[in-house]
Amino acid sequence: YVGVCVSDAIEDKIGAKVSIGRIDLGFLNRIIIDDVRIYDQKKAKLLFASRLSAKINPSSLLGKELSISSIQLFGMDANIYKDTKTAEYNFQFVLDSLKSKDNTKKSSLALKINSLILRNGKLSLRQQEAFLTHTGKLNPKDIELSGISGHIILNKYSADTLSLKVKKLAFDESSGLHLKKLTFAINAGKSSAALSDLMLQLPGTTISAKQCN
């Protein structure tokens, strides 16, 4: 019943079909959501997750920083595309629905996630034009990832700040690329960005860099 109520509320907010199988309230402020399905405005699958588990710090809801202790995302299957080179991606309507109607006001809300865990995920990211002429080689405009697993820490995300640490990211790409492990940290502001502790492992290659500005 709760799943139906929440999915109906999200549908009204974003203007697209949403389905949630079940919502459970776990121990110590943990929310567990099973069988999440979000469709785009063309009624194509946008996102599916077999289970989403999140633990939120309730006191942060009263301030200007939303603090999430942990998020665990299992069985994610995301389908991201745009019809032409100049078109918007199929998730843009979701972002638009979250924007303030008053364009004169700048959002002061910051987001912090202490731990984001991904397990057994899939992601397709493509332009339809590129997809129609798929050659089987690695193509940045036609990416198909599987076996995605990762551990990410978002120290802060706001309108003018990004502080992110990827402790581990691994996946396979349909062209044959196998990323065994990727780690890095990035800190960015309005006018500068710094990448540090980069380490990329492929089956026969390892690349590392301590600092990149």
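The values are calculated or read from the model by the stated rules, or taken from the named source; none is laboratory data. Values in this document were obtained by computation on a predicted structure and should not be read as measured data. For neighbour counting, all protein chains shown are included, and Cβ atoms are generated from backbone atoms with ideal geometry for every residue, glycine included. Calculation scope for accessible area: heavy atoms of the full protein, side chains included, ligands and nucleic acids excluded. Shrake-Rupley method; radii C 1.70, N 1.55, O 1.52, S 1.80 Å.
Could you work out how much longer the chain between Phe74 and His178 gets when fully extended? Use 0.36 nm per residue separation minus the Cα distance between them, nm to one decimal.
Numbers: separation 104, 0.36 × 104 = 37.44 nm, distance 2.02 nm.
Working it through step by step, the gained length comes to 35.4 nm.
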Worksheet entry | Sequence ranges 187-199, 115-127, ranked by mean other-Cβ count within 10 angstrom, highest first | 115-127, 187-199
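Between Asp8 and Lys168, what is 0.36 nm times their sequence separation minus the Cα-Cα distance? Round to one decimal in nm. Show your work: numbers first, answer last.
Details: separation 160, 0.36 × 160 = 57.60 nm, distance 3.52 nm.
Separation in residues times 0.36 nm, less the Cα-Cα distance, equals 54.1 nm.
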Discussion item. Highest mean first, how do 200-210, 86-96 rank when packing is the count of other Cβ atoms within 10 Å averaged over residues?
Written reply: 86-96, 200-210
Discussion item. Modelling each spin label as a point 7 Å along the Cα-to-Cβ direction, I'd like the Ile117/Ser149 distance in nm, to one decimal.
Written reply: 1.2 nm
Response to the item:
Using a 1.4 Å probe on heavy atoms of the protein chains only, the accessible area for Asp172 in Å², nearest 10, reads 60 Å²
Worksheet entry | Calculated FRET value between Lys45 and Ile186, using beta carbons and R₀ = 30 Å, to 0.05 | 0.50
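If the viscosity is 0.692 mPa s and the temperature 37 °C, what translational diffusion coefficient in µm²/s does Stokes-Einstein give for the chain when Rh comes from Kirkwood over Cα pairs? Don't jump to the answer; show the numbers that get you there.
Values: Rh = 19.3 Å.
Roughly 170 µm²/s, to the nearest whole number.
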Practice prompt. Could you check how much of the accessible area of the chain is carbon and sulfur, as a whole percent, using a 1.4 Å probe?
Written response: 57 percent
Worksheet entry | the stretch 1-45, Cα convex hull volume normalised per residue, Å³ | 66 Å³
Worksheet item: How high is the FRET efficiency from Asn29 to Ser196, r the C-beta distance, R0 35 Å, rounded to 0.05?
Response: 0.60
